[in-house]
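To start, the structure itself, in structure tokens.
Just so it is clear, none of the values below were taken in a lab; they were calculated from the coordinates. In this text the structure is predicted, and so the values were computed from the model without any measurement. When we count neighbours, we look across all protein chains shown, and the Cβ atoms used for this are built from the backbone with ideal geometry, even at glycine.
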Amino acid sequence: MAHVTADTSRCIGAGRCVSIAPEIFDQTDSGSVMVIHASPERDEVDLVFEAVDLCPARALSVSDD
Ligand code: SF4
């Protein structure tokens, strides 16, 4: 199962991850990323990989084990 993590110390609050995968990511009031669903379903994994690739701060990672 995939597992999503976010490094909030790198996040610049661009919100791209939330736009791409709103079921997985949210942002705090200050803009920092929150992982709200760390174990995405199979049909959500492609979106997670897209968000990881497009995060401008390289703050997201996903493992598939
Ligand atoms: S896309 Fe990256 S920088 Fe933007 S909110 Fe998400 S984790 Fe933070």
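Observations, loosely collected:
- Restricting the stretch 1-15 to residues that are among the small types (Gly, Ala, Ser) and closer than 10 Å to Val62 by Cα, the residue that is surrounded by the fewest Cβ atoms within 10 Å (Cβ to Cβ) is Ala2.
- Any pair with Cβ under 9 angstrom, 6 or more apart, that starts in the stretch 48-65 at a residue that is on the phi < 0 side of the Ramachandran plot and in a loop (DSSP other than H, G, I, E, B) and ends at one that is within 12 Å of the ligand (Cβ to nearest atom) and charged (D, E, K, R): Cys55/Arg10; Cys55/Arg16; Pro56/Arg16; Ala57/Asp7; Ala57/Arg10; Ala59/Asp7; Ala59/Arg10
- In the stretch 8-30, the residues that are closer than 12 Å to Cys55 by Cβ reach residues that are near the ligand (Cβ under 6 Å from one of its atoms) and part of a helix (DSSP H, G or I) with C-beta atoms within less than 6 angstrom, at least six apart or across chains, in these pairs: Phe25/Cys17.
- Within the stretch 37-61, the residues that satisfy the criterion of being away from the ligand (no atom under 12 Å from the Cβ), in contact with a strand residue (DSSP E or B) (Cβ under 9 Å, 6 or more places away or on another chain) and not charged (D, E, K, R) are His37, Ala38, Ser39, Pro40, Val45, Phe49.
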